[in-house]
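The values are calculated or read from the model by the stated rules, or taken from the named source; none is laboratory data. Every value quoted in this text rests on a predicted model; they were computed, and no experiment measured them. Note that we place each Cβ from the backbone using ideal geometry, even for glycine, and neighbour counts take in every protein chain shown. Just the protein is used for accessible areas: all its heavy atoms, side chains included, with ligands, DNA and RNA removed. Shrake-Rupley method; radii C 1.70, N 1.55, O 1.52, S 1.80 Å.
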Amino acid sequence: MRVHVVSDVHGNGRDLAMAGDGADALVCLGDLVLFLDYADHSRGIFPDLFGTENAHKLVELRTARRFEEARALGRRLWGDIEREGGGRMAVIEEAVRRQYAELFAAFPERTYATYGNVDLPHLWPEYAAPGTTVLDGERVEIGGRVFGFVGGGLQTPMRTPYEISDEEYAAKVEAVGEVDVLCTHIPPDVPELCYDVVARRFERGSAALLDAIRRTRPRYALFGHVHQPLARRVRVGATECVNVGHFNATGRPYVLEW
């Protein structure tokens, strides 16, 4: 059995269309949407709406952890659009829909997917084809192994679209229970897995996820979210915890075989 796993697609539809080649199934761990590319400030919904210069300013402020100033910049820019008669969510959803139309069409017939923190879950049913199974706090058998899926991220000052409380996230982890492969968007709360060496900050990992790994001992815990982690894989007890990679940048899936 061969399963390819991707995460943090962020608009890379070209490589996504080939990500399932040679695999029995594709697993996607979310963040399909590209709102702002921190490496190329000309790409994404934000620069399309507000220009590259404003995108550069926003990245600069967020990287310096000046979140209040970043939000003030966003409020000013969105205020201009709203004064012109456009609603913020309507404008964002229109842009996200264009990306989802391309990206969901790129999924192979047998795809299992969960949400990332920048995704809009309420739109997924409109774009997921019959061969795409969307799971969140749920389990599925693939090739004789049980895979559990937990989507979304935890609440942060970034305020991305699908951030939920620690309690809600922990309830989804608990609902998944014992599995062979635990698939999530965010990592367990292990410092080496949560620290981004380029952004120079810790992303939020889940303590509930780490506790479940220690208790239920899955063979693998697969995740993304941290684009340039200090460590890409760490063993926690019997479990191999693996960051499957920033697919937007690499274009290569992680391969799981048995």
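Tabulated values for the structure
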{"quantity": "Thr111 vs. criteria closer than 26 Å to Met18 by Cα, within 17 Å of the chain's Cα centre (by Cα), buried (at least 19 other Cβ atoms within 10 Å of the Cβ) and among the β-branched types (Val, Ile, Thr)", "calculated": "yes"}
{"quantity": "Residue check for Arg145: surrounded by fewer than 18 Cβ atoms within 10 Å (Cβ to Cβ) and modelled with pLDDT of 95 or more", "calculated": "yes"}
{"quantity": "Selected residue [farther than 13 Å from Ser7 by Cα, among the β-branched types (Val, Ile, Thr) and open to solvent by less than 70 Å² (accessible area, probe 1.4 Å)] from Thr250, Thr184, Thr216", "calculated": "Thr216"}
{"quantity": "Among residues of segment 1-18, those that are within 16 Å of the chain's Cα centre (by Cα) and in a loop (DSSP other than H, G, I, E, B), counted", "calculated": "6"}
